[in-house]
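A short write-up of the structure that comes next.
The values are calculated or read from the model by the stated rules, or taken from the named source; none is laboratory data. Since we're looking at a predicted model, the values are computed, not measured. Glycine also receives a Cβ, built like all others from the backbone with ideal geometry; neighbour counts cover every protein chain displayed.
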Amino acid sequence: MNTKKIVIAGGPGTGKTSIITHLKSLEFTCYDEISRQVTLQARQDGIEQLFLTEPLLFSEKLLEGRTQQFFDADKENQNMVFLDRGLPDVLAYMDYIGDTYPKHFIDVCETHKYDYIFVLAPWQDIFISDNERYENFEEAQVIHQHLIDTYTRFGYKLIDVPFGSIKNRTDFILELLNL
């Protein structure tokens, strides 16, 4: 089966995880964002803020995890899988902090292509900071532009998800996918 990979992308606090949670409640196969998992694992290993102290190592772990999700999606007995973020997000965040990354980061993004990219813009009304989210709203807006630039650089046609309730945003995505 040729499983379609559908990315829900956007900066911090845009509602991605809420949409993924809603899609799960509708019994769609969804893969969670892995950056919180990487952050929490680093804290257990004694590194309070891996993204801030070792951004390349953090990004390498994200790249590995998202590559694994990409391959895992192909093994699903489903016609589509939703992913909370994709591989190009890693490069967008590295560009955002002004750090360099090895060529294999680019190669992975060029060789592992998603079928649809739905992008959620920063939305002040729902933005909340927490222990795993380092960015404020203004930084989220800059990250959003880096995400758009990065996905566009890899040839993706981005689909903007309008603001609205979780249900309305999810319905918008499902309607575009003819579901």
Seminar exercise, completed: Within the stretch 6-24, the count of residues that are within 17 Å of residue 160 (Cα to Cα) and either out of contact with any strand residue (DSSP E or B) (no Cβ under 6 Å at 6 or more places or on another chain) or part of a helix (DSSP H, G or I) (or both) comes to 8
Exercise. Going by the conditions given, is residue 48 outside any helix (DSSP H, G or I) and within 30 Å of residue 172 (Cα to Cα)?
Worked result: no
Exercise. Only one of these conditions is not met by residue 40: (1) at pLDDT 90 or above; (2) part of a helix (DSSP H, G or I); (3) out of contact with any helix residue (DSSP H, G or I) (no Cβ under 9 Å at 6 or more places or on another chain); (4) not acidic (Asp, Glu). Which number is it?
Worked result: (1)
Exercise. Surrounded by 13 or more Cβ atoms within 10 Å (Cβ to Cβ), under 24 Å from residue 18 (Cα atoms), of a type in the set (Lys, Arg) and in contact with a Gly (Cβ under 7 Å, 6 or more places away or on another chain) - does that describe any residue in the stretch 79-90?
Worked result: no
Seminar exercise, completed: Of the residues in the stretch 95-108 that are closer than 14 Å to residue 60 by Cβ and of a type outside the set (A, V, I, L, M), the one that is nearest to the chain's Cα centre (by Cα) is 105
Exercise. Of the residues in the stretch 150-179, how many are at pLDDT 95 or above, under 18 Å from residue 79 (Cβ atoms) and part of a loop (DSSP other than H, G, I, E, B)?
Worked result: 1
Exercise. Restricting attention to the stretch 37-48, which residues are surrounded by fewer than 15 Cβ atoms within 10 Å (Cβ to Cβ) and either touching a Pro at 6+ places or on another chain (Cβ under 7 Å) or of a type outside the set (A, V, I, L, M) (or both)?
Worked result: 37, 41, 43, 44, 45, 46, 48
Seminar exercise, completed: Log entry, pairs with first residue in the stretch 1-29 being under 24 Å from residue 122 (Cα atoms), second being polar (S, T, N, Q), beta carbons closer than 8 Å, six or more apart or on different chains, reads 11/141; 13/129; 19/170; 22/170; 23/170
For this session: Working only within the stretch 103-117, note down all residues that are surrounded by 12 or more Cβ atoms within 10 Å (Cβ to Cβ) and of a type outside the set (Asp, Glu).
Result: 105, 106, 108, 109, 112, 113, 114, 116, 117
Exercise. Which of (1) over 18 Å from the mean Cα position of the chain (by Cα); (2) within 26 Å of residue 21 (Cα to Cα) does residue 146 not meet, given it meets every other one?
Worked result: (1)
For this session: Pairs only if they're at least six apart or on different chains, beta carbon under 7 angstrom, first in the stretch 151-179 and farther than 30 Å from residue 108 by Cβ, second among the polar types (S, T, N, Q); list them, first residue then second.
Result: 166/18
Exercise. Name the residues in the stretch 71-93 that are under 12 Å from the mean Cα position of the chain (by Cα), among the hydrophobic types (A, V, I, L, M, F, W, C) and assigned to a helix (DSSP H, G or I), would you?
Worked result: 87, 90, 91, 92
Exercise. Within the stretch 51-68, can one find any residue that is part of a helix (DSSP H, G or I), surrounded by 14 or more Cβ atoms within 10 Å (Cβ to Cβ) and in contact with a strand residue (DSSP E or B) (Cβ under 7 Å, 6 or more places away or on another chain)?
Worked result: no
